[in-house]
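Chemist: This is the structure, below, for whatever I ask next.
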Amino acid sequence: MPARSLDQIVSLSKRRGFVFPGSAAYGGLGSFWDYGPLGAELMRNVKDAWWKAMTWERDDIEGVDCAILMNRKVWQHSGHEATFSDPLVDCKSCKARHRADHLFSTTTLFESPENLDKALDFCPPFTQKIGKELVRKSMDHNAKLAAFFDERLQQLGETDPGFPPEKYKERVIEEAKQKFGDIGQELKDFVNSTFVLLFVAVFKAKLVKCPKCGSSDVTEMRQFNLMFQTHVGPVSTAPGTEEELASRVYLRPETAQGIFMNFKNVLDSSRRKLPFGIAQIGKAFRNEITPGNFTFRTREFEQMELEFFIKPPQFLREGEKTDEQWHAEWVDARYRWWISLGIDTSRLRKRAQDKSELAHYAKATTDLEYLFPGSLGWGEVEGVANRTDFDLSAHSREVPEADLKRLKLEPNKDSVTTLDYFDSDLKQRYIPWVIEPSAGATRAALTFLCEAYHEEMVKEPPQAEIDALKTEIDAVIKNAEKKKKDAEKEKDPAQRKHDPVAISAFQAALAEAASRLPASLMEIDTLLEDHPGAQNLEPVKKLKPKVNKLAEDCVRVVLKLHPKLAPVKVAVFPLARNKPELVDIAQRVSRELRHFCKAIYDDSAGIGKLYRRQDEIGTPLCVTVDHQTLEDNMVTVRDRDTMDQVRISLEQLPHEIRRRLQLH
């Protein structure tokens with residue numbers, strides 16, 4: 001089973017050298033991460049898998065690598081300088097900063113007519129009148145549903161004494177909908193149509209609460225631009241002056257604009273015809289208000305983006321694919337890519353964005369979402385957007401007035417070119433439409449780690465040790481309760497030695513994990529080591545080594561990464577490091593394997609520990625040189641997932657490794 005919580009991935013990443021906090025010697029820097037030896041390899045393998053799928057396995061895609069810094073006018077005409085921002089609010093009580101749209105999503109206006117009624121008090125009269133009538137209608141509807149529901153369940157119970165209510169629940173709900181109709185969609189349509197007004201109103205009505213302290217007292221919303229700003233050349237004048245504006249540039253927030261800038265260059269140099277694509281992998285930067293969840297949302301990340309250029313609808317000939325068909329085809333292709341690299345279909349879904357979610361330039365967007373562990377839940381790992389002809393038109397000098405009006409664009413007098421395409425078959429020029437599959441390499445690496453993480457009980461721990469462990473965990477929870485109460489008595493949060501909220505979360509997580517012992521040994525080990533609520537608790541310090549030893553003895557942690565993604569492909573060991581003849585053969589084997597894959601040599605521990613280390617970092621195959629090798633010229637090859645071992649001749653070893661790793 002994949003990871004139950006993100007903490008398990010964080011702990012493994014730090015322990016085994018996948019990901020480290022950036023600038024750690026100075027306390028770190030919010031949401032910036034460094035990739036260690038294994039993390040760097042994993043990232044490279046993820047990017048290679050994407051690049052090969054796009055540019056090697058297809059004959060209609062070219063690759064580029066564009067500059068991070070671009071002319072400021074690119075971001076002005078793409079709309080980023082004016083609109084690439086998030087609504088920001090600050091909690092007046094605890095000073096925490098939040099994205100307003102994230103807080104808005106917690107108000108449940110669709111499900112709660114009462115909350116909607118309160119928000120409507122802060123809306124214009126016309127909206128109030130329509131909304132209040134809908135609220136009254138919704139409340140009456142809900143009352144009728146509740147009465148019918150109770151009465152119908154009672155009737156069914158009388159005909160089937162002792163029945164469980166759950167048995168008929170779905171049936172009664174369906175009967176109620178048929179009898180009274182479903183007002184839910186009407187309510188949802190109203191909220192969507194008045195979204196902008198309600199967005200402001202819920203804050204004025206104090207319907208949102210700070211996730212950190214629970215206060216409803218927040219500042220007024222203000223827009224916060226997400227682009228990092230810098231300058232080209234020396235600048236000594238104040239912001240907003242002519243000199244400052246002339247040298248102002250931004251770290252790119254996406255890689256797509258570089259591709260659009262090079263559309264003509266690639267078209268002319270590669271002599272491509274539509275449809276064709278341009279792919280790019282590169283760094284992007286967004287000054288996120290609330291980054292978090294490890295590497296899921298960071299301020300510096302890598303994108304893997306494709307812009308696939310197609311004919312506009314009005315120029316299609318019979319039998320040619322429409323933009324809807326191309327969009328659906330790319331959604332399916334990208335879904336299959338994730339599945340091919342080991343993502344289980346039960347944890348990957350396609351979700352079409354509704355109109356209220358769509359970017360201003362998009363005709364349609366489908367997100368591929370992965371079910372991340374713990375509270376993170378479903379999160380986007382890739383988006384496939386139909387961007388129409390918005391981007392190329394926005395950067396073009398000569399665009400028909402009708403198209404500018406349709407796209408809601410102003411004429412671009414700064415551009416020196418028109419990013420169009422000459423169709424030699426139709427003898428016409430036009431601006432192509434674009435389908436854009438866009439994934440984050442950073443988030444993809446996290447996704448594959450979460451999916452690959454498995455814990456397996458290899459030895460049942462003695463029941464007496466489990467009972468003793470539960471007793472000590474109870475003592476830790478009681479001690480934590482005392483520390484929490486002491487902290488709550490301290491009025492000044494800055495003087496508190498412990499965070500009461502963190503301790504409560506730790507107590508709940510530890511108690512829940514303890515109820516699943518012994519299966520949760522590694523999870524408890526991670527909680528004791530890394531949970532903020534466990535810090536500075538004396539009983540925790542005493543319990544940690546006991547849990548750690550028991551976990552090491554009884555649990556195998558294995559990363560079941562696809563061979564293409566595994567940071568190390570093969571590990572080679574001598575059975576005894578004090579035998580020069582075994583060491584020589586093992587080192588020679590690892591050198592030979594390094595000609596075609598990432599192979600390492602290790603003799604720093606006993607064979608059992610060496611296997612466990614490689615399992616934990618996802619190495620698919622281990623090769624052991626033993627005493628019998630000196631007699632029969634054969635080595636033992638162990639499979640990571642099954643732990644099966646077979647003997648292979650040294651002569652056949654490279655071929656067998658290639659076959660098992662799918663290296664062609």
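Chemist: Test A385 against the stated conditions and say whether it is modelled with pLDDT of 90 or more and under 25 Å from E324 (Cα atoms).
Modeler: It is true that A385 is modelled with pLDDT of 90 or more and under 25 Å from E324 (Cα atoms).
Chemist: State all residues of the range 527-541 that are part of a helix (DSSP H, G or I), within 16 Å of S11 (Cα to Cα) and at pLDDT 85 or above; if no residue qualifies, say none.
Modeler: L527, L528, G533, A534
Chemist: Also: Taking E481, is it surrounded by 15 or more Cβ atoms within 10 Å (Cβ to Cβ) and either part of a helix (DSSP H, G or I) or in contact with a Ser or Thr (Cβ under 9 Å, 6 or more places away or on another chain) (or both)?
Modeler: No, not satisfied.
Chemist: Next question, about the same structure. Considering only residues that are of a type in the set (D, E, K, R), in a loop (DSSP other than H, G, I, E, B) and under 24 Å from S78 (Cβ atoms), which ones fall in the range 413-430?
Modeler: The answer is K413, D414, D420.
Chemist: Quick check on the range 291-311. Is at least one of its residues of a type outside the set (G, A, S) and in a helix (DSSP H, G or I)?
Modeler: No, because not a single residue in the range 291-311 is of a type outside the set (G, A, S) and in a helix (DSSP H, G or I).
Chemist: Kindly list, by first and then second residue, each pair from a residue in the range 120-134 that is more than 20 Å from F203 (Cβ to Cβ) to a residue that is surrounded by 12 or more Cβ atoms within 10 Å (Cβ to Cβ) and not hydrophobic (A, V, I, L, M, F, W, C), limited to pairs with Cβ atoms under 9 Å and residues at least 6 apart or on different chains.
Modeler: Sorted first by the residue in the range 120-134, then by its partner, the pairs are I130/T194; L134/P113; L134/E186.
Chemist: Please count how many residues of the range 599-619 are surrounded by fewer than 16 Cβ atoms within 10 Å (Cβ to Cβ) and either within 15 Å of E41 (Cα to Cα) or not assigned by TED's automatic domain parsing to the domain that holds R638 (or both).
Modeler: Count: 0.
Chemist: Would you confirm whether or not the range 312-324 contains a residue that is part of a loop (DSSP other than H, G, I, E, B) and surrounded by 19 or more Cβ atoms within 10 Å (Cβ to Cβ)?
Modeler: no
Chemist: Let me ask something else. Check E512, E538 and return the single one that is in the same structural domain as E472 (by TED's automatic domain parsing) and closer than 24 Å to M457 by Cβ.
Modeler: Unique residue meeting the criteria: E512.
Chemist: Another one. Examine the range 224-231 for a residue that is over 30 Å from P500 (Cβ atoms), touching a helix residue (DSSP H, G or I) at 6+ places or on another chain (Cβ under 7 Å) and modelled with pLDDT under 70, and state whether such a residue exists.
Modeler: Within the range 224-231 (the criterion being over 30 Å from P500 (Cβ atoms), touching a helix residue (DSSP H, G or I) at 6+ places or on another chain (Cβ under 7 Å) and modelled with pLDDT under 70), the answer is no, since none of the residues qualifies.
Chemist: So A53 fits all but one of (1) aliphatic (A, V, I, L, M); (2) under 17 Å from A279 (Cα atoms); (3) more than 24 Å from the chain's Cα centre (by Cα); (4) surrounded by 17 or more Cβ atoms within 10 Å (Cβ to Cβ); what number is the exception?
Modeler: Failed condition: (3).
The values are calculated or read from the model by the stated rules, or taken from the named source; none is laboratory data. This is a predicted model, so every value here is computed, not measured. Cβ: placed from backbone, ideal geometry, glycine included. Neighbour counts: every protein chain shown.
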